[in-house]
Number of protein chains: 4
Amino acid sequence: MDLDLNFEQDMLRTASRDFFSRQCDLNMVSKWMATDAGYSTDMWRQMAELGWHGVLVPEVQGGSGLSMLEMAVLAMEIGAAAFPGPFFTSSIFSTLLLAEAADEHWQSALLPGMAAGERVATVACCGDTHHFQAAGVPYRAKRTGSGWVLDGKALFVPYAHIADTLIVAAQAEDGSISLFVINQGQDGISVEGLETIASDKLCTLTLDRVQLPSDSILGTPGDGWNILEMAMKKAAVAKSAEMVGGGRTAMEMAVEHAKIREQFGHPIGSFQAVQHHCANMLTYLESATLVTWKAAWLVAEGRDCDEELAICKGWTSDAYRKLVALAHQVMGGVGFIEETGLHLYFRHAKASELALGSATHHREKLAQAMGL
Amino acid sequence: MDLDLNFEQDMLRTASRDFFSRQCDLNMVSKWMATDAGYSTDMWRQMAELGWHGVLVPEVQGGSGLSMLEMAVLAMEIGAAAFPGPFFTSSIFSTLLLAEAADEHWQSALLPGMAAGERVATVACCGDTHHFQAAGVPYRAKRTGSGWVLDGKALFVPYAHIADTLIVAAQAEDGSISLFVINQGQDGISVEGLETIASDKLCTLTLDRVQLPSDSILGTPGDGWNILEMAMKKAAVAKSAEMVGGGRTAMEMAVEHAKIREQFGHPIGSFQAVQHHCANMLTYLESATLVTWKAAWLVAEGRDCDEELAICKGWTSDAYRKLVALAHQVMGGVGFIEETGLHLYFRHAKASELALGSATHHREKLAQAMGL
Amino acid sequence: MDLDLNFEQDMLRTASRDFFSRQCDLNMVSKWMATDAGYSTDMWRQMAELGWHGVLVPEVQGGSGLSMLEMAVLAMEIGAAAFPGPFFTSSIFSTLLLAEAADEHWQSALLPGMAAGERVATVACCGDTHHFQAAGVPYRAKRTGSGWVLDGKALFVPYAHIADTLIVAAQAEDGSISLFVINQGQDGISVEGLETIASDKLCTLTLDRVQLPSDSILGTPGDGWNILEMAMKKAAVAKSAEMVGGGRTAMEMAVEHAKIREQFGHPIGSFQAVQHHCANMLTYLESATLVTWKAAWLVAEGRDCDEELAICKGWTSDAYRKLVALAHQVMGGVGFIEETGLHLYFRHAKASELALGSATHHREKLAQAMGL
Amino acid sequence: MDLDLNFEQDMLRTASRDFFSRQCDLNMVSKWMATDAGYSTDMWRQMAELGWHGVLVPEVQGGSGLSMLEMAVLAMEIGAAAFPGPFFTSSIFSTLLLAEAADEHWQSALLPGMAAGERVATVACCGDTHHFQAAGVPYRAKRTGSGWVLDGKALFVPYAHIADTLIVAAQAEDGSISLFVINQGQDGISVEGLETIASDKLCTLTLDRVQLPSDSILGTPGDGWNILEMAMKKAAVAKSAEMVGGGRTAMEMAVEHAKIREQFGHPIGSFQAVQHHCANMLTYLESATLVTWKAAWLVAEGRDCDEELAICKGWTSDAYRKLVALAHQVMGGVGFIEETGLHLYFRHAKASELALGSATHHREKLAQAMGL
């Protein structure tokens, strides 16, 4: 047994932690989120230079071909910084879909640009709910002489407003589900921003008779839902790592506050109730960290791990939500003021909990994996 | 034992429910909240015509001299509508302070205008935290030849930016605490809006050598904290009633969604997990409603009820927060979209939990009342 | 609105509280529970003299024909004393079945003796689970020339080992369910005690070709499940009152301990964590008390109240369990020692939670009543 | 990173799991617990032959000198089997005290016999509460010409009634605390069994002018509390492993029940509420398992890990208690019947939670380690 990161992983952790702490404070995060794009394209480019968009991209496609363990290291720091942008949807989720299921043609067409930070991809796989189920596939695909016509509408598509490449799930007339690749800007695409609590650039993506050539399908035709499920399960580990990182910052903020802020002449951290809150925060953080490392390690090892993956996303969501609620308790009214930044983590916790399936969804997946 | 409202109370309930359902939907609420004032002065005037600002004002001062039971009836509907504005701080909290502790001079000077909806008052009683304790009094008062000079700064003062009258707690050089009445617009007052999660017009109120005449003290000099505590305890019942009303709407929204929204061809309300969530919401709502009615009834009866008051605010805060979290679970991503309006209740729950002392604060008050 | 008990109810409360505090301490409770009967027949007789077995029995049948409010008053004191015995199954549940559904014949045959404390009745309505559903009816009834033959086995029948009268639910060949009255001692009956965590005299009641005359059916033939459901709903209010009483004693025990026991030279009740536990106990107790009073009042008023009844049993079960867990936290190892008596309330909480349907069962009933 | 056990650890796991599953079922456990000794001396001897009492004993003293990781493997299986006896107090806690703090004299005198299963030791370190604090040291030590005289009384001393060697904490007149070794049977010792909920052979150990020679002190004189704290922290990892094992069995019992037991013609495991309960059980189990492995690994590596140790015991206690409560929900009335055996795990959870400091205690230790 060995619970340490190896030398390269440790270096990546140090480098990414430094990068974000130097270049990105919470005020800048708020400013970036308030822009149309919703993120800093400048930072995006710098991350490209550091090779971070290519962590999960095979070497042959211009990436570094590392494992989910390295991605978890990076995602923790992104989450800790509350760094906004399409990293998760493009450099993680879309990359997993392409790297593991696409044929050479699509990999070569898309992955090098994505690894270089020059192409942003996103995925539209569920319709008007956050329920990640085959029955919720948002688009219908009709065969034509020369290819396909797609119609339908999906809510909650991250960063569709700036994505270069759209990967969408559509159901054909025979009921089979396939993934299609669409270039932004094609006729019939319309994108509208959703005002959500998290101000996290979720969009409505409507396809109105969008014409696609025959070779637009990513991976085996009809295998779309299996591909999505496989990628969602793995992407959920990276999302969990992001949450663990966010939880760490939220906890540090509250503990720092508890050490400094005084009441009746004592730091509030000397009160038993506050001490218990802080201890509980660290307990939630540590347990979420461990289930996340375990899931990342199992994925990196290529082992079957449906139970561990469902536990990872489910528990990390719960733990992050509970942790942030405790941070709010410790910080009182101060945590309530926007400039403190705690609200960024609160929103991140809510948005992440719903991403790739809620805690309820993961409990059901887990029950299935347990044979129930 | 009789748990029904009487005829007049029932009429008030029907009238206020009708009023808000006809005049105020959640889109308008959002619009009003986005204005500088933060509320609809037109609605405010209509409420004045209906006599609602004067519910707690003695008849001799132009009010209707009703009890906390009637105010609870009204506050529930205000909370249910998520109706924003200074009603709580002016027509409830400030009114209680004046009606129960001020001498005839201040009552006559302020209450008739407040009952008529022509004067808005607010209270600044705590400094830079939400901890409601004598030690947190925000201002310092210095005797001068002709009166007083006040200095200091308070965070979280509701609607200070539009209030005509400011009631502030200040500590004199001898350590005693008194309440002072200040007219808006006087030299040395500055008000700044705080960006909070709830966008509920909390302000920073800074007093910089504000000169006041000798008769500016409300109630017995040196008795300020006792007066505040007494009024806060009673006002907390009305705040709880507001929360109960908000909880009712949030629950109804989620239950309606559960009945209509389908998944796999069934309404999601037919799934056991959703049914349990709905049952738990109603259980939280009902228990919070009953502790609130009991507290309102005891206050109306003039009985000692420190335990019941602390339970009321503490449990209602907890129950409302839990209820809204369940509503979010039921509504999934849809509850996340701003136009649904659920977020208004989420914010209301957070803001109300901190108002007049957090759940922690009320647990301690309760432990005290239990003799611990 | 009036939340006080009336004069007679208050007298009954005082009288019953005195009775149990004088005659029954926790050591005696433990001793009685360890006997074969499992209760004190001497106390049972004294309660008969006080008229308590007849509270719900109509006056014409020798009872006092009082309402569920009076029964709730009494049941609270029984629960507070952890007083063991068949009071709930005979003087409440069986009495409700008979008083509300039986024809004059059965009422006259059984109720006067039950009111006088000379006859003990019990009910066997579910099979091998605690799920209270028509599908779980334990016995099969077959028509014969002269009457019926019953077969089957039920677990968890309280005090079947000493009951004079057994009321059992059986399904006829046509699928209809009826209630049958059986005299103890008849051929084919066998009773075996179950070793349960609560040592509360639950039994297995096996019927092996038990012959019954035609007039053995209680109430309208085929209406058995409706009668049971109606009586279970009302009986659940009395069971909730019992739990509220038990919760009160458990809390008092822990609060008393917190005031007296010292650690580091201070009473442990001066520590914030213990104060919060105590405050939370009282909050659970108060909310459970109020939902119980409301349900009892609605039943006494004869109003429809399916929602309130389901909330009452569901929340009181939850609140009692949480309260006892907190009492254990406060008392530490001391609460762990049997002679302290806290374990009696822990067991009572567990047994009561399962009686007449678990919290899950009541959540489902509530969801149904909400239209889901 | 590597989360697998190594070959030897895996072998130990397989061997111990087989041993307990072949030799010890829950009926036998109940029978052993009901004897005076409270455990099977025959099984004890067999475990000695397998070398298990010597896992933590240095090789030079006849043990195998393995690490906390191996002990965690073994303790999990002991917990899973609900195997009763003084293994924890003798072969873990006392062994740690001796192996890490005693001089060669005491090690040679005691450890070989303990490793061989021929000597049972136990520890009396706290007085009349479960609060593990220096201030709670139960005995007073007075210097005499030739040695020491000890007086005092401790509650909750495990298996003191059969222990050969008693290690007790006593405070000298100068306030310093030392550990003393006492042979059973010496004048002035009296032991009485405590009736606790867990029937786990906790005793009252009274010392009445017990005379000890000068060399009775274990480790550096005056260093008693530090030695105890160090050993308690490590022993808490093994106790956590025991709890993790117990949690596994309780979960398996409930999941098995959910798969087999039918309601309305479906296995109850097909109901969503039961599925969620099962998923939550596994989530608690997995998170507790991981924090336990991490703590065991850090101890085995000899690293500082105060935070991780406090998290380990605190969270494992919480998780085990929650898991068993869910198992009770799933099993309903059946979990309530003693022969099912679930109650053994419930009791184990309660007893283990209090052993070596409650969850509250560990939260405080954690807050301290966090710098609060």
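Where a number appears in this text, it was derived from the coordinates with a stated rule and is not lab data. Keep in mind it's a predicted model, so treat the numbers as computed, not measured. Cβ: placed from backbone, ideal geometry, glycine included. Neighbour counts: every protein chain shown.
Things to note:
- Within the stretch A:213-368: Cβ-based charge dipole about Cα centre, in debye rounded to nearest 20 (Lys, Arg +1; Asp, Glu -1): 320 debye
- Each copy carries a label point for B:Glu229 at 7 Å from Cα toward Cβ; from one copy, the others' points are 3.8, 5.3, 6.3 nm away, ordered from shortest.
- Shortest-first distances to equivalent copies, position C:Glu104, nm, label 7 Å out along Cβ: 7.2, 9.7, 10.1
- Most simply put, the stretch D:138-256 has about 90% antiparallel DSSP beta bridges, counting only bridges with both residues inside it.
- At q = 0.09, 0.20 Å⁻¹, base-10 log of I(q)/I(0) for the stretch A:34-164 (Debye sum, equal scatterers on each alpha carbon): -0.29, -1.24
- Calculated diffusion of the stretch C:318-357, Stokes-Einstein form, Kirkwood radius summed over Cα pairs, 4 °C and 1.567 mPa s, µm²/s: 125 µm²/s
- Once the Cβ-Cβ distance of B:Ser67 and C:Ala34 is raised to the sixth power relative to R0 = 60 Å, the FRET efficiency obtained is 0.65.
- Distance violations [Cα-Cα > 23 Å] among A:Lys259/B:Lys313; C:Lys201/D:Lys322; A:Lys322/D:Lys322: A:Lys259/B:Lys313; C:Lys201/D:Lys322
- Note on the protein assembly as shown: semi-axes of the ellipsoid equivalent to its C-alpha gyration tensor, largest first and rounded to whole Å, are 48, 45, 39.
- Total formal charge among the other residues, if their Cβ is under 12 angstrom from that of D:Ser30, Lys/Arg +1 and Asp/Glu -1: -2
- Rounded to the nearest 0.05, the FRET efficiency derived from the C-beta distance between A:Glu262 and C:Glu118 at R0 = 56 Å is 0.20.
- Cα Rg, Dmax, the stretch B:222-318, angstrom units: 18.0, 67
- Helices in chain A that qualify as membrane-span-like (whole DSSP H runs, Cα extent of at least 27 Å along the helix axis, mean Kyte-Doolittle hydropathy of -1.0 or higher) are A:224-260, A:272-301, A:306-331.
- Inter-chain neighbour count for D:324-335: the average number of beta-carbon atoms from partner chains within 10 Å of each residue's beta-carbon is 4.
- Our summary gives chain D a relative contact order of 16 percent, counting only alpha carbon pairs under 8 angstrom and 6 or more residues apart.
- Kirkwood hydrodynamic radius of the stretch D:173-280, Cα pairs, Å: 18.9 Å
- In nm, spacing of pseudo-spin labels at D:Asp2 and C:Asp25 (7 Å Cα→C-beta vector): 6.4 nm
- Cβ-defined net charge surrounding B:Leu207, 12 Å radius [Lys, Arg +1; Asp, Glu -1]: +1
- Inter-chain neighbour count for C:365-371: the average number of beta-carbon atoms from partner chains within 10 Å of each residue's beta-carbon is 6.
- Here the chain D residue lying nearest the rotation axis onto C, judged by its C-beta and given with the distance in whole angstrom, is D:Ala325, 4.
- Dipole check for the stretch C:146-288: with +1 at the C-beta of Lys and Arg, -1 at the C-beta of Asp and Glu, and the Cα centre as origin, the magnitude is about 580 Debye.
- Computed from point charges on the beta carbon alone (+1 for Lys and Arg, -1 for Asp and Glu), the dipole magnitude for the stretch A:96-190 about its Cα centre is near 200 Debye.
- Bridge type composition, the protein assembly as shown - antiparallel percent by DSSP, nearest 5: 80 percent
- Taking B:Ala198, B:Ala169, B:Ala75 as the candidate residues, the one with maximal mean-square fluctuation in a Gaussian network model of chain B, Cα springs under 10 Å, is B:Ala198.
- Efficiency of FRET between B:Met11 and B:Ala135 - r from beta-carbon atoms, R0 51 angstrom, step 0.05: 0.70
- With neighbour counts taken as other beta-carbon atoms within 10 Å, the residues B:Asp306, D:Asp151 rank, fewest first, as B:Asp306, D:Asp151.
- Over 38 Å [Cα-Cα, chain C], rounded percent: 17 percent
- Mean per-residue shielding of peptide B:260-266 is 2, counting Cβ atoms of other chains within 10 Å of each Cβ.
- Theoretical ellipticity at 222 nm over chain B - DSSP helices of four or more residues, -39500 (n - 2.57) apiece, nearest 500: -16500 deg cm²/dmol
- Convex hull projection area averaged over all views, the stretch D:258-301, Cα basis, nm²: 3.4 nm²
- Alpha-carbon gyration tensor eigenvalues x 5, square-rooted, for the stretch C:147-221, Å: 23, 13, 11
- Alpha carbon convex hull of the stretch A:295-372, projected area averaged over orientations, nm²: 6.1 nm²
- Across the identical copies, the 7 Å label point of C:Gln211, projected outward along Cα→Cβ, sits 8.2, 9.0, 11.0 nm from its counterparts, in ascending order.
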